[in-house]
């Protein structure tokens, strides 16, 4: 029994070492992008994206928003027990909306750029994440377990349901 416990501990330490080594080998930064077309005008899509105070009404991964400052817009987003502060870097009505993580000391950071492009009677929305993951274990998880586009995919699906109402 003691031998089995030693092997289990050694096996666990080996897995942690391999995950950490792979994480260190991965680049700290990444770019991920997704786009989709909504059957709504750019003004409606932009309004939903830029009205961060209403995110908890339609985003399945956001439980609460605290607007901290209105000009420029800063807010704290609560999701799964975590709180992350964001700030708007650029806002061009119905064209472009860019935000970044404003918290220092997190194991990740980055920007998200939302581009609104008229397409027929609808709007094509492209979201580009330029992310950084500082912790090598989180870097491994972000790349191989969650995937770099998971948050964008959830956001676009939630936004599609919001705009369909």
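Compute the angle between helix 150-164 and the longest alpha-carbon principal axis of the chain, please, reported from 0 to 90 degrees and rounded to the nearest 10. Helix 150-164 sits at roughly 30 degrees to that axis.
Taking Rh as the Kirkwood radius, which is the inverse of the mean 1/r over Cα pairs, what is the Rg/Rh value for region 2-164? Intermediate results must be reported in sequence, preceding the final value.
Numbers: Rg = 18.9 Å, Rh = 17.5 Å.
Value, to two decimals: 1.08.
At 20 °C and a viscosity of 1.002 mPa s, what translational diffusion coefficient does Stokes-Einstein give for region 78-138, taking Rh as the Kirkwood radius over Cα pairs? Give it in µm²/s as a whole number. Mind showing how you got there, number by number?
Working: Rh = 13.2 Å.
The estimated diffusion coefficient comes to 162 µm²/s.
Mean sequence separation of contacting Cα pairs (under 8 Å, at least six apart), scaled by the length of the chain, corresponds to a relative contact order of 28 percent.
Based on the alpha-carbon gyration tensor of region 31-83, what equivalent-ellipsoid semi-axes (square roots of 5 times the eigenvalues) come out, in whole Å, largest first? It would help to have the intermediate numbers written out before the result.
Values: eigenvalues 92, 46, 28 Å².
Sorted largest first and rounded, they come to 21, 15, 12 Å.
Rg then Dmax, both in Å and based on the Cα atoms of region 122-165: 13.5, 41.
A helix-only calculation puts the chain at -10500 deg cm²/dmol for mean residue ellipticity at 222 nm, using -39500 (n - 2.57) for each DSSP H run of at least four residues, averaged over all residues.
Laboratory data are not the source of any read-out in this text; all were calculated from the coordinates shown. Predicted model only: the values in this text are computed from it and were never measured.
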